[in-house]
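Undergrad: If you scroll down you'll find the structure; I have some questions about it.
All of the numbers you see were taken from the coordinates with simple rules; none came from a lab. Bear in mind the structure is a predicted one, so any value in this text is a computation, not a measurement. Virtual Cβ from ideal backbone geometry, glycine too; neighbours counted across all protein chains shown.
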């Protein structure tokens with residue numbers, strides 16, 4: 001606690017305060033919207049008619065929670081980016097490589113979640129293959145090109161099955177990379193640094209997840225639910241790019257600002273995507289989630305990893321010593 005209070009001085013204290021405030025402000029709002037203001041059939045804003053039991057379209061001007069959510073998301077994205085850029089020349093984060101046990105445990109947890117995500121992706125690809133083989137398109141994917149009109153490859157691309165296969169390999173490679181990092185932290189003399197090529201695997205895994213999202217039918221009725229996913233993946237892409245540069249030893253300024261500017265929104269968005277869907281599932285049972293919305297266990301694992309990564313390096317960063325005044329060199333010379 002003393003180390004935390006010592007480190008949290010000046011403008012640096014804004015990062016943990018902002019993260020907690022953003023989570024406390026946005027998470028209850030998003031849970032309420034997911035349960036009461038989101039049409040399960042579309043994922044868009046809706047209003048349930050108590051008499052007919054049917055969902056109607058909720059206009060933007062009919063609910064104050066809609067502009068409030070968008071304003072909160074804008075602040076969540078913009079503030080860490082600007083603050084990280086302003087502090088880019090200060091030692092806000094410790095970017096050195098040394099054993100970090102908590103970070104390695106979080107890396108193992110994230111690697112296990114990536115393996116589980118890879119298993120889910122491969123099951124989806126097999127499901128698409130069987131639907132094509134049996135001539136029965138998957139529900140909700142009637143828009144996809146069938147084998148009779150665009151060819152088998154086009155069908156796999158439009159349904160996201162090809163991206164799912166690539167995501168499987170990238171997830172396995174990313175899990176192997178994170179395991180190497182953990183083993184190096186626990187057994188420093190065991191082996192050399194992890195492969196620099198494997199350091200790009202988590203980034204490639206995120207890109208494949210983005211490709212799967214764009215394989216959905218995107219229209220105005222699916223924007224809100226899909227928006228959080230895309231914001232999360234965009235922040236993760238920036239974070240893992242700086243993460244790969246850090247672990248590969250690539251020199252240059254800006255890594256700390258990108259890790260903070262993208263990591264803080266990604267950690268919060270991971271919970272904004274995961275927790276409301278879990279609450280909705282527990283509240284309604286069966287399968288009440290909006291179409292194409294999935295409960296992905298890699299999202300909370302990413303939140304845990306990013307939080308421990310940033311918190312550990314934030315607290316262990318050496319405070320920047322003040323620049324010597326013009327009189328100090330003269331005193332040293334005289335002595």
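Undergrad: Of 280, 241, how do they rank once you tally other Cβ atoms within 10 Å and put the fewest first?
TA: Numbers: 280 21, 241 18.
Going from least to most buried by this count: 241, 280.
Undergrad: For residue 294 paired with residue 20, estimate the spin-label separation in nm (one decimal), with each label point 7 Å from Cα along the Cα-to-Cβ line.
TA: 3.5
Undergrad: In addition: Which order, highest average first, do 33-39, 80-86, 47-53, 17-23 follow once you tally other Cβ atoms within 10 Å for each residue and take the mean per peptide? Don't skip to the end; give the middle numbers.
TA: Working: 33-39: 19.4, 80-86: 17.6, 47-53: 9.4, 17-23: 15.9.
Peptide ranking by packing, descending: 33-39, 80-86, 17-23, 47-53.
Undergrad: Can you put 97, 64, 212 in order, fewest other beta carbons within 10 Å first?
TA: Neighbour counts put them in this order, fewest first: 64, 97, 212.
Undergrad: Could you list 45, 55 in order of exposure, starting from the residue whose Cβ has the fewest other Cβ atoms within 10 Å?
TA: Values: 45 23, 55 17.
Result, fewest neighbours first: 55, 45.
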